[in-house]
Structures are given as structure tokens and as C-alpha cells.
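Undergrad: What follows is a single structure, and I will ask about it in a moment.
The values are calculated or read from the model by the stated rules, or taken from the named source; none is laboratory data. Only a predicted model underlies this, so the values are computations on that prediction, with no experimental measurement involved. So basically every Cβ, Gly included, is an ideal-geometry build from the backbone, and we count neighbours across all protein chains shown.
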Amino acid sequence: MAQTQPIENISFEKALSELEEIVRALESGKAPLEESISAYERGTALKIYCEKKLAEARLKIEKITLSPDGAPKAQPFTIEE
């Protein structure tokens, strides 16, 4: 597992891909203990980074609706459950 780039210098997609790779490697149980610990720590940092990026993207999303007169208007994004 290549862990050469600082997390803050990689894209969301690359971070997610690396996180998936780490999970597969840890699930295999074939890595030595020290390597597994390092991978787990990197994975935790990648998870936090991805969650932060998703939260930032969510704040940027707006829902486009029509006002009563038919003009488009933007509203903050909300999750309807």
C-alpha cells in the first residue's frame, strides 16, 4: 500500500480508493501486525478526510425550486427522511 502522499494533497476519489484498498488488506489478515496498525491509522485519517470532503460538498449543494410566480430560486440542501 503506497502511503507516500499527504492526505490533504489527494483528491476525494483517490482517498476513497486508498481507504477501500486498506480495508481489503486489513480484512485479508495477511499483513504483519505493525503494518496493519499503520494501515489502520492511515485508514482512520482517510475516513475523516473523506467525511470532511463530503460535508463540504453537501454545504455547497442547493436545491432549485420554483417560486409561486414560476421563477427559479435556490434553497439550502436538506435531507428529507
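Undergrad: How many residues does the range 11-23 contain that are over 13 Å from Arg42 (Cα atoms) and either of a type in the set (Ser, Thr, Tyr) or at pLDDT below 95 (or both)? Spell out how you get there, then give the answer.
TA: Of all residues in the range 11-23, those over 13 Å from Arg42 (Cα atoms) come to 11-14.
Still in the list and also either of a type in the set (Ser, Thr, Tyr) or at pLDDT below 95 (or both): 11.
The total comes to 1.
Undergrad: Of the residues that sit in the range 30-57 and are out of contact with any helix residue (DSSP H, G or I) (no Cβ under 8 Å at 6 or more places or on another chain) and not in a helix (DSSP H, G or I), which one is farthest from Pro6 (Cα to Cα)?
TA: Taking the candidates together, the pick is Lys30.
Undergrad: Still on this structure, I have one more. Looking at (1) modelled with pLDDT of 95 or more; (2) under 15 Å from the mean Cα position of the chain (by Cα), which is the one condition that is false for Ala55?
TA: Looking at each condition in turn, Ala55 falls short on (1).
Undergrad: Report every pair of residues separated by at least 6 positions or lying on different chains whose Cβ atoms are under 8 Å apart, first residue within the range 14-32 and on the phi > 0 side of the Ramachandran plot and exposed (fewer than 15 other Cβ atoms within 10 Å of the Cβ), second assigned to a helix (DSSP H, G or I) and not charged (D, E, K, R).
TA: So the pair list comes out empty.
Undergrad: Within the range 27-52, which residues are within 21 Å of the chain's Cα centre (by Cα) and among the acidic types (Asp, Glu)?
TA: Glu27, Glu41, Glu51
Undergrad: Output the number of residues of the range 33-61 satisfying the condition of being free of Cβ contacts under 8 Å to residues at least 12 places away in the same chain, over 16 Å from Glu13 (Cα atoms) and of a type in the set (A, V, I, L, M).
TA: Total satisfying the criteria: 2.
Undergrad: Can you tell me which residue among Ile61, Ile37 is β-branched (Val, Ile, Thr) and modelled with pLDDT of 85 or more?
TA: Being β-branched (Val, Ile, Thr) and modelled with pLDDT of 85 or more holds for just one of Ile61, Ile37, which is Ile37.
Undergrad: Within the range 58-81, which residues are in contact with a helix residue (DSSP H, G or I) (Cβ under 9 Å, 6 or more places away or on another chain) and among the β-branched types (Val, Ile, Thr)? Full working, then the answer.
TA: Residues of the range 58-81 in contact with a helix residue (DSSP H, G or I) (Cβ under 9 Å, 6 or more places away or on another chain): 76-77, 79.
Passing the criteria: only Ile79.
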